[in-house]
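The values are calculated or read from the model by the stated rules, or taken from the named source; none is laboratory data. This one's a predicted model, so the numbers in the text were calculated from it and none came from an experiment. Neighbour counts run over all protein chains shown; Cβ positions are idealised from the backbone, glycine included.
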Amino acid sequence: MTPLQCLFAVCCSLFASAVTIPFVDSSQTTTLFADSSKPERHNLGKRGEAFAAVYLEQAGYRLVAANFTLPVGRNLRGAVVNAEIDLVAYDGETLCFVEVKTRASDWFAPPQINVDRRKQRQIARAAGAYRSMFGLEDQPYRYDVVTVVLSQEEPESSPRIELLRNFWTEASIRKRHRQERYYE
């Protein structure tokens, strides 16, 4: 098994249930099989997150957390709304909150289309809570998106992975209040 396959295998096992990613010796190996009790789309998402984690580490990112979930508020019916940050990593000194979107095909639309304004606001709220929880309010940060397209026709082929740095900013997701204009 090559070092890259070992790292991928370890990432697959970490994403099954972990919240934080500890330092892992690259000589460890685990199986690459997904949990058969979960629906196929969850397995696809977990595989995509594992590929994205390996891709980011190869790109020089330092991963610190995965699948970070916390309550960010309540909806109009009073139910608790949880937000999840797929990956938290450092790119140099910049803290990056990474949303991973995995698709079996991009025939209909590219995966990043599904990171809409509602999802961006949820991630931004969770990122704000993460930063305040760990005392990182003064540190530079940004929001990235990693798209992974895994071909179902050719499962042995390598996935297409794209990193979209600084996909959105806090200013772009603020709610805009309509100002009434009075014409004379």
Starting from region 129-146, keep only residues that are farther than 19 Å from residue 115 by Cβ, then list their pairs with residues that are assigned to a helix (DSSP H, G or I) whose Cβ atoms are within a distance under 8 Å, requiring at least 6 positions of separation or different chains. 136/130; 137/131; 139/131
Taking the conditions exactly as written (modelled with pLDDT under 95, within 15 Å of residue 146 (Cβ to Cβ) and of a type in the set (Val, Ile, Thr)), does residue 102 satisfy them or not? yes
Hey, among the residues in region 153-178 that are surrounded by 10 or more Cβ atoms within 10 Å (Cβ to Cβ) and assigned to a loop (DSSP other than H, G, I, E, B), which one's modelled with the lowest pLDDT? 174
Identify all residues within region 118-137 that are surrounded by fewer than 13 Cβ atoms within 10 Å (Cβ to Cβ) and in contact with a Lys or Arg (Cβ under 9 Å, 6 or more places away or on another chain); write none if there are none. 137
Being in contact with a Leu (Cβ under 8 Å, 6 or more places away or on another chain) and among the aliphatic types (A, V, I, L, M) is the filter here, so list the residues in region 88-124 that pass it. 88, 89, 95, 98, 100, 104
Those residues of region 40-60 which are crowded, with 22+ Cβ neighbours inside 10 Å and within 11 Å of residue 98 (Cβ to Cβ), in sequence order: 49, 52, 53, 56
